[in-house]
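*Asks:* Input: one structure, supplied below.
The values are calculated or read from the model by the stated rules, or taken from the named source; none is laboratory data. For clarity, every value in this text was computed on a predicted model and none was experimentally measured. Positions of Cβ are backbone-derived with ideal geometry, glycine not excepted, and every protein chain shown enters the neighbour counts. Side chains included, ligands, DNA and RNA excluded: accessible areas come from the protein's heavy atoms. Shrake-Rupley method; radii C 1.70, N 1.55, O 1.52, S 1.80 Å.
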Amino acid sequence: MTNLVTDVASTVDKNPEATAIAYDGQELSYEAFWSRTGKFAAGLDAAGIDPGDRVGIYLPNLPQYVVAFHGALRAGAVVVPMNPQYKSREIGHLLSDSGAELVVTLADLVPVVESVREETAVETVVSVGGDADGSIAFEEFLGESEPSVVERADDDVACQPYTSGTTGQPKGVLLTHRNLASNARMAADLAPDGTGVGDRSIGVLPLFHIYGMTVTMNAALFSGAAYYPLPEWDAQTALSLIENEELTIMQGVPAMFNDLVNQPNADEFDLSTLRFVNSGGSSLPIEVLRRFEERFGFPLYEGYGLTETSPVTHFNMPDARRVGSIGHTLDGVDAMIVDTDFEPVERVSEGPVDEGETDLDAITGELVVAGPNVMKGYHDRPAANEEVFTEQDGQRWFHTGDIGYWDEDDFFYIVDREKHMIVTGGYNVYPREVEELLFEHPDVADAAVVGIPDERRGETVKAFVVPASAASGGSSGEGTESDGVPTPDADVTEDEIREFCLERLAEYKHPREVAFVDELPRTTTGKVQKFELRGHEDGATGEESEEVAE
Ligand SMILES: Nc1ncnc2c1ncn2[C@@H]1O[C@H](COP(=O)(O)OP(=O)(O)OP(=O)(O)O)[C@@H](O)[C@H]1O
């Protein structure tokens, strides 16, 4: 049996006194955590939640999230994680699509649930952080008894996170007990000598997203480490927490590492206890990695995955890392780069290739993966399921929608998401290549590239740039260097950025348009909301757009 609940139960048996969750100066031992999950499961039972029923968790990263998540699994229910930034329209879709009968949320968010309740199957609302009309307070909801773990088959659904819907309505991803358990185990193995008792892991990644859920929370609880949730990302809070609590593990998204690099006082914190730091969720610009490692003096590893793969499929292991690559496939996972006929694309001898000098169409294809962490399918979406799976030689291959290549040393490289590709005047441009270059400019702190409509070329490449002077909160005129940290040039112009790219890229790839912005619109999981940037072009806002923000 491959089951996260029984795995965590055995960790509890082995380390009852170790800290499971630490938050706001309070610690919950494994024994106390487990007891609370039992009480939450008893509360579900009393509320009429049966195995297989959906339970929504609409909370920021808090200890109650962790208890509700594992308590629901213990009761055999299916967790539907929901972004606490979502408003009525988005929550209404998730609740009605999933059929959730119970929701755990912040007292402040109860009115959001109430506003859509009629169109959903929600019968019970449990509130955290105060009382709210129409809800039961979390502590009151907890039952007295501690039911044993409800048996579930490996292939039963355990969790139903939603995609962020960058290409339409968010889809529910059916992750089984096997999916959750196998990826928590794989993720726990990534750190040198594995994650274990004594490790302290910072929970800056949102728990409603699979990356924070599996790689931080579940990997920690699977292995006896302590999990330190933070309800929202703030670089200064994270730096203080790492120093004060002597944290050992950090998982983040590239935007967080970029943010840390741009903190003027980052060197004042002692981060020497961190032994394993890794990035995932979106591509890590090589320049951000370089700046991070130079500034902090320890390696930043990169992994890759999707919600549909629970998530990790590839990782640059500490003993086998190649910068610019997403690494090797994890043990037990299979991956290929295939062409449109599902034939494997020939590998390059050694990556990464110089994308400017290479005919990318000749070496790239779609990344497909198979293994115990690949989802059962999308909830109620037969057409989407048809599209994303290919059965071949007894394997069920999942199409990631990412364009990449592989090399003879088994390293994989992501060029970009297929749907982000810009077609300009008949040429294909992968935004990531242009973004990587923009990060090399000393006065660029953050950058994103999109295609905007153009009558003549179909699309034109446009760059949105956060100047370094804006990110560091000050300007200094001429770019200079002080204490090893470059001081940004506040007078950098759009023309200079355009010229910089034109000198280094084929003419058709360079951004014909450059716009300076104070910050990029990002999802809570750090992805740039490219539809928002494209929306700026025709005056539409993200809300008016067809697409739903994460
Ligand atoms: N290391 C990485 N390098 C490049 N891209 C990455 C990396 N890690 C994740 N990604 C990107 O993130 C995608 C998975 O993101 P996720 O599962 O969070 O979906 P989403 O973007 O939130 O939602 P949707 O599928 O609706 O767009 C991958 O397909 C890939 O494009």
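*Asks:* Kindly indicate which of 400, 480, 460, 487 is modelled with pLDDT of 90 or more and over 17 Å from residue 533 (Cα atoms).
*Replies:* Going through 400, 480, 460, 487 in turn, just one is modelled with pLDDT of 90 or more and over 17 Å from residue 533 (Cα atoms): 400.
*Asks:* Then there is this: Scan segment 221-236 residue by residue and report those that are part of a helix (DSSP H, G or I) and touching a residue at least 40 places away in the same chain (Cβ under 8 Å).
*Replies:* Answer for segment 221-236, where residues must be part of a helix (DSSP H, G or I) and touching a residue at least 40 places away in the same chain (Cβ under 8 Å): 221, 222, 223.
*Asks:* Of a type outside the set (Lys, Arg), in a strand (DSSP E or B) and more than 26 Å from residue 216 (Cβ to Cβ) - does that describe any residue in segment 114-124?
*Replies:* yes
*Asks:* To continue, here is another question. Looking at (1) over 20 Å from the mean Cα position of the chain (by Cα); (2) within 12 Å of the ligand (Cβ to nearest atom); (3) among the hydrophobic types (A, V, I, L, M, F, W, C); (4) open to solvent by 40 Å² or more (accessible area, probe 1.4 Å), which is the only condition residue 286 fails?
*Replies:* Failed condition: (1).
*Asks:* Can you spot a residue in segment 416-430 that is in a loop (DSSP other than H, G, I, E, B), buried (at least 16 other Cβ atoms within 10 Å of the Cβ), within 14 Å of the ligand (Cβ to nearest atom) and of a type in the set (A, V, I, L, M, F, W, C)?
*Replies:* yes
For every residue, the table says whether it meets (1) assigned by TED's automatic domain parsing to the domain that holds residue 525; (2) open to solvent by less than 10 Å² (accessible area, probe 1.4 Å); (3) within 16 Å of the ligand (Cβ to nearest atom).
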position: 144; (1), (2), (3): no, no, no
position: 147; (1), (2), (3): no, no, no
position: 152; (1), (2), (3): no, no, no
position: 172; (1), (2), (3): no, yes, yes
position: 189; (1), (2), (3): no, no, no
position: 194; (1), (2), (3): no, no, no
position: 201; (1), (2), (3): no, yes, no
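*Asks:* Turning to a different aspect of this structure: Please give the number of the condition residue 304 fails out of (1) among the aromatic types (Phe, Trp, Tyr); (2) within 16 Å of the ligand (Cβ to nearest atom); (3) free of Cβ contacts under 8 Å to residues at least 60 places away in the same chain.
*Replies:* (3)
*Asks:* Of the numbered conditions (1) without any contact (Cβ under 8 Å) to a residue 60 or more places away in the chain; (2) crowded, with 23+ Cβ neighbours inside 10 Å; (3) over 30 Å from residue 275 (Cα atoms), residue 133 satisfies every one except a single condition; which is it?
*Replies:* (2)
*Asks:* Go through segment 290-321 and count every residue that is open to solvent by 50 Å² or more (accessible area, probe 1.4 Å), under 20 Å from residue 367 (Cα atoms) and not hydrophobic (A, V, I, L, M, F, W, C).
*Replies:* 1
This table checks each residue for (1) of a type in the set (D, E, K, R); (2) open to solvent by 20 Å² or more (accessible area, probe 1.4 Å); (3) farther than 22 Å from residue 352 by Cα; (4) not assigned by TED's automatic domain parsing to the domain that holds residue 171.
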residue: 215; (1), (2), (3), (4): no, no, yes, yes
residue: 237; (1), (2), (3), (4): no, yes, yes, yes
residue: 248; (1), (2), (3), (4): no, no, yes, yes
residue: 281; (1), (2), (3), (4): no, yes, no, yes
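*Asks:* For the subset of segment 490-510 comprising residues that are part of a loop (DSSP other than H, G, I, E, B) and surrounded by fewer than 16 Cβ atoms within 10 Å (Cβ to Cβ), which member is modelled with the highest pLDDT?
*Replies:* Among them, the one singled out is 493.
*Asks:* Give me a count of the residues in segment 94-106 that are over 23 Å from the mean Cα position of the chain (by Cα) and open to solvent by 10 Å² or more (accessible area, probe 1.4 Å).
*Replies:* Residues flagged as over 23 Å from the mean Cα position of the chain (by Cα) and open to solvent by 10 Å² or more (accessible area, probe 1.4 Å) within segment 94-106 amount to 3.
*Asks:* Among 24, 53, 45, 13, which is open to solvent by less than 50 Å² (accessible area, probe 1.4 Å) and not small (Gly, Ala, Ser)?
*Replies:* 53
*Asks:* In segment 526-545, how many residues are open to solvent by less than 70 Å² (accessible area, probe 1.4 Å) and modelled with pLDDT under 85?
*Replies:* 7
*Asks:* Of (1) assigned to a strand (DSSP E or B); (2) open to solvent by less than 30 Å² (accessible area, probe 1.4 Å), residue 433 satisfies all except one. Which?
*Replies:* (1)
*Asks:* Further, regarding this structure: So for segment 159-170 (the condition being more than 16 Å from the ligand (Cβ to nearest atom), within 21 Å of residue 53 (Cβ to Cβ) and in contact with a Ser or Thr (Cβ under 8 Å, 6 or more places away or on another chain)), does at least one residue qualify?
*Replies:* For segment 159-170, residues more than 16 Å from the ligand (Cβ to nearest atom), within 21 Å of residue 53 (Cβ to Cβ) and in contact with a Ser or Thr (Cβ under 8 Å, 6 or more places away or on another chain): absent.
*Asks:* Oh, and also: Say whether the condition of being in a helix (DSSP H, G or I), buried (at least 19 other Cβ atoms within 10 Å of the Cβ), more than 13 Å from the ligand (Cβ to nearest atom) and not assigned by TED's automatic domain parsing to the domain that holds residue 505 is met by at least one residue in segment 379-402.
*Replies:* no
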